[in-house]
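First the structure, in the form of structure tokens, and then the observations on it.
The values are calculated or read from the model by the stated rules, or taken from the named source; none is laboratory data. Remember, it's a predicted structure, so these values are computed and weren't measured experimentally. Every residue, glycine as well, gets a Cβ built from its backbone with ideal geometry; the counts of neighbours run over all protein chains shown. Protein only, heavy atoms only, side chains kept; ligands, DNA and RNA dropped before computing areas. Shrake-Rupley method; radii C 1.70, N 1.55, O 1.52, S 1.80 Å.
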Amino acid sequence: MCANKYANSDADARSEDAPPRADLEGTRAVLEDLEISRALTRIAHEVLERTKGGEGVTMLGIPTRGVPLARRLAERIERVEDRHVPWGSLDITMYRDDLRLAPARALGRTDIPADGIDDRVVVIVDDVLFSGRSVRAALDALNDLGRPRAVQLATLVDRGHRQLPIRADYVGKNLPTSLRENVTVLLDELDGRDAVLVGPAKPRTVSEGDR
Amino acid sequence: MRHLLSAEDLSYDEAILVLDTAKELAQLSGRSVKKFPTLRGRTVVNLFYEDSTRTRTSFELAAKRLSADVINFSAKGSSVTKGEGLKDSALTLQAMGADGVVIRHSASGAAHRLANWVDGAVVNAGDGTHEHPTQALLDAFTMRERMGDLAGLRVTIVGDVLHSRVARSNVVLLHTLGAEVTLVAPPTLVPVSVHTWPCAVSYRLDDVLPKTDVVMMLRVQAERMKDAFFPTAREYSRRYGLDRERFAKLPSDAIVMHPGPMIRGMEISAEVADSPRSTITEQVTNGLSVRMAVLYLLLGGSESALRNQEAQG
């Protein structure tokens, strides 16, 4: 059910998040599509191993780019283990701690699979782990939605510079960066290609700083 | 700080932003914990100079769901009955540090005046016969839920247009969203300035109904009727009431709306009001989501997300 919803509405609604081409000048790709694919396959296997076969696992992506990643991970686990893995999206906008620093932003979509999250092993999926504040907001949001058996964190890229005591359980690639650098994740579903780009930081709003 | 004073303040994009935000919020209202920490530490004052339990309660609940502190300030039993004017009430609120003020007042333009006196965001919850923008937004939201895209939708608004802020706000907002609006009312209840509104006007409900996707019945505002606008309630009902026969003239997928409170038997027959094609109770539910969206967009960030509006006057 979620797959269709995502393809139709969310991708369109969020397409403005795609960085314009000019923004990508001066960046270098640190991961290309095959490497991203391999990283996700590895994470899927790690999830299976740690959760003993993926029983009771629910993947929840943080919009925008965590959601297609959550779907891809769920699909990979299904392929390997022939077990249905529910996936959805968890919008954290209303739980952010930096709301007062920028104009109110449009809400993303929260789409919890029909089984809910009670007594499930919820894997939060995000594209970039940076300050950890998004994850903190996600934990708060989860808390209002139910009581998972356990919560784990998967991220495609960990770029460091944590401001909170948060650590990912599954990391696609550890990417040491300077604070003056920008990390951009492009995904086929939203941007037409898969890549992780690093480049010099452009002047940007504070609110983006923690992604 | 920006405000929501009139449906005219909303551009197409902003109106869609409010409706989309409300849709996400509506989806979240089914969960067991319905509260968000978003407006924690902010204060919203409901400044109600006119009685309106349902609108006030709706705003109060919306603010509370977003964790704001809510103060209800109603005219009865307050300093207003001791003779305090709007400006002094405003200065008091200002001194208390209200971040948002929701105002209902019997004088048209009161919300605009207030916006000049306080720093907080002002939301117009009905000023005299002028505007009621959140009602128009919740009506548009309800139409969107039931009928999909509003572009080209044929909406007929029936009844006391003259005294209705709901009609005025709806005409403006629905026009912004691309719907075609027709007002139907007795000639005595059509405002003089109606030719400047972006809508058509008709006096004959029966002619319009077959070409209508949404029929919105208005309340006959007895409290604003200072003259004899129509001979008897019975005659009004016969010509402009929505009964079973008239209902049958609508296309089979058309819906019936009413902002409430309705006078059953006069404006609308009980049978029509309780039909599955009536959205009257849905409108109340949607009102909560829309008001949460408005409060979130006005107060949720460092500045309003509804940007192209300035306090006027």
Among residues of the range B:185-199 being closer than 14 Å to B:Gln221 by Cα and hydrophobic (A, V, I, L, M, F, W, C), the residue surrounded by the most Cβ atoms within 10 Å (Cβ to Cβ) is B:Ala185
For the range A:131-154, name all the residues that are surrounded by 21 or more Cβ atoms within 10 Å (Cβ to Cβ) and more than 21 Å from A:Thr51 (Cα to Cα). A:Ser134, A:Ala137, A:Ala141
Any residue that is modelled with pLDDT of 90 or more, assigned by the TED database to the domain that holds B:Arg168 and touching a Phe, Trp or Tyr at 6+ places or on another chain (Cβ under 9 Å) - is there at least one of those in the range B:255-266? yes
Residue list for the range B:54-69, filter: in a helix (DSSP H, G or I) and of a type in the set (Gly, Ala, Ser): B:Ser58, B:Ala62, B:Ala63
Return the total of residues in the range B:238-282 being open to solvent by 30 Å² or more (accessible area, probe 1.4 Å), closer than 24 Å to B:Asp207 by Cβ and assigned to a helix (DSSP H, G or I). 8
Search the range A:121-130 for residues being closer than 17 Å to A:Ala44 by Cβ and either crowded, with 21+ Cβ neighbours inside 10 Å or of a type in the set (D, E, K, R) (or both), and hand back the single one that is nearest to the other protein chains (Cβ to nearest Cβ). A:Val122
Kindly evaluate B:Ala7 against the criterion of being more than 10 Å from chain A (Cβ to nearest Cβ) and within 22 Å of the chain's Cα centre (by Cα). yes
With criteria (1) within 28 Å of B:Arg224 (Cβ to Cβ); (2) modelled with pLDDT under 90; (3) not charged (D, E, K, R), B:Ala115 comes up short on (2)
I need the full set of residues from the range B:1-25 which are open to solvent by 30 Å² or more (accessible area, probe 1.4 Å) and not in a loop (DSSP other than H, G, I, E, B), in order please. B:Glu8, B:Tyr12, B:Asp13, B:Ile16, B:Leu17, B:Asp20, B:Lys23
Suppose the filter is part of a strand (DSSP E or B) and within 30 Å of B:Asp149 (Cα to Cα); does B:Val44 pass it? no
Restricting to the range A:79-116, what's the tally of residues that are more than 9 Å from chain B (Cβ to nearest Cβ), among the aliphatic types (A, V, I, L, M) and open to solvent by 10 Å² or more (accessible area, probe 1.4 Å)? 2
Kindly indicate the residue of the range B:293-306 that is at pLDDT 90 or above and more than 14 Å from B:Arg42 (Cα to Cα) and also nearest to the other protein chains (Cβ to nearest Cβ) among those meeting that condition. B:Ala293
For the range B:26-38, enumerate the residues that are more than 9 Å from chain A (Cβ to nearest Cβ), assigned to a loop (DSSP other than H, G, I, E, B) and in contact with a helix residue (DSSP H, G or I) (Cβ under 8 Å, 6 or more places away or on another chain). B:Ser29
